[in-house]
């Protein structure tokens, strides 16, 4: 019998993590404590190829040991976007944050299932301290991106900037209130050290079910309308947008190529291409890609092949990441990295950590952004970026 999340919190106290996926299965997991943890601290002292391989093998070995436990969830954790510094160490990236680890995984101590549903929550407030960059600065960055596009250095760039907030309530109360509104398809709440992670992500990075791996890139956005007729028109407009389809197809092709690094030859298929998913505040264009993998492929192999996700870099990936590092004036940290869990049967489920806030010392950081291509309109893209943080307006003064 599944439990009510609020009842579980009253009985066991604040959880250390929630796997809060608003999907057909309707089951969430609340976690208290960790028996063991894996932590790879961020350091400018980049290791040799041999040392990196040994560290990755050690992480995989520990996770494999955890999977021998009876618990349904063997591990939960996150991967910092800056983990790219390890996987692409031949590129010299300037944006980093030594206080945010490359990755963290924990082996849950106590796990309780609960029913995914809207629960009674306390109305919370926060105050905007730093807004997304102003339009003139943003427009200048778009012009610089188009210069790179014109020179043929890249086909698409996912450009982002961040907002910061003063948090006036407990991070858990904030998560519980907003998750009722956002209904996140791949939601997570994690307490790590002196930081809280609130992820309302709608995007799947990858999941595995036995020998099938799935990835679902998301690219293309329209706002929702309270008027049903207008809402359907916006959905139709996105579905048939030549620009959005072209932008989306670039990322589908990139993900197909990335999957090709780990999937068995001839097994990659694209399903439901240009599908429109409707979320509380936005419509999103999504495609589903799958392939077959050998039994020997583990989570570390998948991260080496796919990370970071192509939908949040642009294409080609290495060129896009290099240009992003020049243009963005902050470290993304967890934003556009990944949060996920590993089951004892070996199945994996990791999101793209967009629509994600990290809170430390009552300061919340919430980055937003989007894909830029040659025919992008700067004002449209600036407005779309703001649209992706609209859910936060419910609690912002």
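The values are calculated or read from the model by the stated rules, or taken from the named source; none is laboratory data. Remember, predicted model here, so these are calculated numbers, not experimental data. Methodologically, a virtual Cβ is constructed for each residue, glycine included, from the backbone with ideal geometry; neighbour enumeration extends over all protein chains shown.
Among residues of the range 296-316 that are without any contact (Cβ under 8 Å) to a residue 24 or more places away in the chain, none has a beta-carbon under 7 Å from a residue that is crowded, with 22+ Cβ neighbours inside 10 Å at least six positions away or on a different chain. Here residue 279 passes the criteria (1) buried (at least 18 other Cβ atoms within 10 Å of the Cβ); (2) touching a strand residue (DSSP E or B) at 6+ places or on another chain (Cβ under 9 Å) except the one numbered (2). Selection over the range 204-230 of residues that are in contact (Cβ under 8 Å) with a residue 12 or more places away in the chain, outside any strand (DSSP E or B) and surrounded by fewer than 24 Cβ atoms within 10 Å (Cβ to Cβ) gives a count of 3. State whether the residues of the range 166-180 include one that is out of contact with any strand residue (DSSP E or B) (no Cβ under 6 Å at 6 or more places or on another chain), modelled with pLDDT of 95 or more, part of a loop (DSSP other than H, G, I, E, B) and more than 30 Å from residue 36 (Cβ to Cβ). So far as the range 166-180 goes, no, none of its residues is out of contact with any strand residue (DSSP E or B) (no Cβ under 6 Å at 6 or more places or on another chain), modelled with pLDDT of 95 or more, part of a loop (DSSP other than H, G, I, E, B) and more than 30 Å from residue 36 (Cβ to Cβ). Within the range 105-116, does at least one residue satisfy the condition of being buried (at least 21 other Cβ atoms within 10 Å of the Cβ), closer than 19 Å to residue 368 by Cα and in contact (Cβ under 8 Å) with a residue 40 or more places away in the chain? Within the range 105-116, none of the residues are buried (at least 21 other Cβ atoms within 10 Å of the Cβ), closer than 19 Å to residue 368 by Cα and in contact (Cβ under 8 Å) with a residue 40 or more places away in the chain. When 205, 105, 200 are screened for being modelled with pLDDT of 95 or more, under 22 Å from the mean Cα position of the chain (by Cα) and over 19 Å from residue 31 (Cα atoms), only 205 passes.
In the range 263-272, the residue that is nearest to the chain's Cα centre (by Cα) out of those that are at pLDDT 95 or above and surrounded by fewer than 20 Cβ atoms within 10 Å (Cβ to Cβ) is 270. Of the residues making up the range 231-242, none is in contact with a strand residue (DSSP E or B) (Cβ under 6 Å, 6 or more places away or on another chain) and on the phi > 0 side of the Ramachandran plot.
Among the strands (runs of 3 or more DSSP E) confined to the range 1-94, the ones with at least 3 residues that are farther than 27 Å from residue 295 by Cα, under 23 Å from the mean Cα position of the chain (by Cα) and at pLDDT 90 or above are located at 17-20, 27-40. The residues on offer are 153, 161, and the sole one that is farther than 24 Å from residue 290 by Cα and out of contact with any strand residue (DSSP E or B) (no Cβ under 9 Å at 6 or more places or on another chain) is 153. Within the range 117-136, the residues that satisfy the criterion of being over 23 Å from the mean Cα position of the chain (by Cα) and either surrounded by 13 or more Cβ atoms within 10 Å (Cβ to Cβ) or in contact (Cβ under 8 Å) with a residue 12 or more places away in the chain (or both) are 119, 120, 121, 122, 123, 124, 125, 127, 129, 135. Just one of (1) touching a helix residue (DSSP H, G or I) at 6+ places or on another chain (Cβ under 9 Å); (2) touching a residue at least 60 places away in the same chain (Cβ under 8 Å); (3) surrounded by 15 or more Cβ atoms within 10 Å (Cβ to Cβ) fails for residue 78. It is (1).
Scanning the range 95-135 for residues that are over 26 Å from residue 34 (Cα atoms) and assigned to a strand (DSSP E or B) turns up 126, 127, 128, 129, 130. Scanning the range 28-54 for residues that are surrounded by 15 or more Cβ atoms within 10 Å (Cβ to Cβ) and within 17 Å of residue 340 (Cβ to Cβ) yields 28, 29, 30, 31, 34, 38, 40.
Just for the range 350-380: of the residues that are more than 18 Å from residue 333 (Cβ to Cβ) and surrounded by 20 or more Cβ atoms within 10 Å (Cβ to Cβ), which one is nearest to the chain's Cα centre (by Cα)?
Step by step, filter the range 350-380, then rank; the result is 370.
For the range 280-393, the helices (runs of 4 or more DSSP H) that sit wholly inside it and include 1 or more residues that are within 19 Å of residue 83 (Cβ to Cβ) are 299-306, 317-327.
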